[in-house]
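K.L.:
Sharing a structure here in structure tokens format.
Just so it is clear, none of the values below were taken in a lab; they were calculated from the coordinates. In this text the structure is predicted, and so the values were computed from the model without any measurement. Here the Cβ positions follow ideal geometry from the backbone for every residue, glycine too, while neighbour counts run over all protein chains shown.
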Amino acid sequence: MSTNLNDNHRTSRRRGEAAIRATSAPRPGWMSVVTSFTAAEITEAYAALHARVQGYVDTGDWSDFALNFTEDATYVEHAFGTFRGREAIREWSVSTMTSFPGSVMTGFPLAWQVVDEATSRLICEVRNLMPDPGDGSALEQSNMTIMTYAGDGLFSREEDIYNPMRFMTMSVRWARVAQEHGRLDDEGRVYLATYGG
């Protein structure tokens, strides 16, 4: 038996360090997420992205939307598919947001948002607003969005969750009213003829 207190302390310390290593090691089947991002940083980064999105709406130029994501980001869009990498996200966003009904949307304000700091995610309800179709009505449809923050103001993943049938029903309703008031362009007429029944 050791009578040296320093020897006992060293042994206890080693056992304690080994126990910490054993319990903190990732276990098979468990997701281990290490983050250094605060809720405030994630919220601020998404607010900045959201402000830029309004700029894309105002100009109609969506080519820089993909710059909000990392080079290897994933964008999951439940109706259109999964897009991997910045260029795939760019191609999809430009195509979608410069054609009807995306091209006529006036904004995407948030109804609410919450941050899960442990997973670096921001979850929010996004309102997709349509302009007045001519009768003074305000039509919109919401989606849930899950954003995963990667640091430096960039996101590594976005997932949009919504009911495509509800979205299409709203878009068709808007197109019918806009057509009655002479506010539907040729692309909108094609959409209406295709999905309006």
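K.L.:
If Lys and Arg each add +1 and Asp and Glu each add -1, what is the summed charge of the other residues whose beta carbon sits under 14 Å from the beta carbon of T145? Walk me through the numbers on the way to the answer.
P.N.:
Details: positive: R121, R127, R157; negative: E77, D116, E125, E158, E159, D160.
Taking every other residue near T145 into account, the sum is -3.
K.L.:
I need the calculated FRET efficiency for the pair M165 and E125, taking r as the beta carbon distance and R₀ as 22 Å, to the nearest 0.05.
P.N.:
Details: r = 18 Å, r/R0 = 0.83.
About 0.75, to the nearest 0.05.
K.L.:
Over segment 114-191, what relative contact order in percent results from Cα pairs under 8 Å that are six or more residues apart? Walk me through the numbers before you get to the answer.
P.N.:
Values: 108 pairs, mean separation 19.3, N = 78.
Normalised by residue count, the contact order of segment 114-191 is 25 percent.
K.L.:
Looking at segment 39-163, what % of its DSSP beta bridges pair antiparallel, to the nearest 5?
P.N.:
Around 85 percent of the beta bridges assigned by DSSP in segment 39-163 are antiparallel ones.
K.L.:
Right, something else. Would you calculate the separation in nanometres between label points at S156 and T70, each defined as 7 Å from the Cα along the Cα-to-beta-carbon direction?
P.N.:
Inter-label distance under the simple model: 0.3 nm.
K.L.:
Which ordering of M144, M165 is given by a fewest-first count of other beta-carbon atoms within 10 Å?
P.N.:
Details: M144 13, M165 9.
Fewest to most other Cβ atoms nearby, the residues stand as M165, M144.
K.L.:
Please quote Rg/Rh for segment 127-174 to two decimal places, taking the Kirkwood radius as Rh and restricting both calculations to Cα atoms.
P.N.:
Values: Rg = 14.7 Å, Rh = 12.7 Å.
Expressed as Rg/Rh, it is 1.16.
K.L.:
Sticking with this one: May I ask for the Rg/Rh ratio of segment 67-197, computed from Cα atoms with Rh as the Kirkwood radius, given to two decimals? Could you put the intermediate results ahead of the total?
P.N.:
Values: Rg = 16.2 Å, Rh = 16.0 Å.
Ratio value, two decimals: 1.02.
K.L.:
For A40 and T96, FRET efficiency with R0 = 35 Å and r from the beta-carbon atoms, rounded to 0.05?
P.N.:
Values: r = 31 Å, r/R0 = 0.89.
According to the calculation, E is roughly 0.65.
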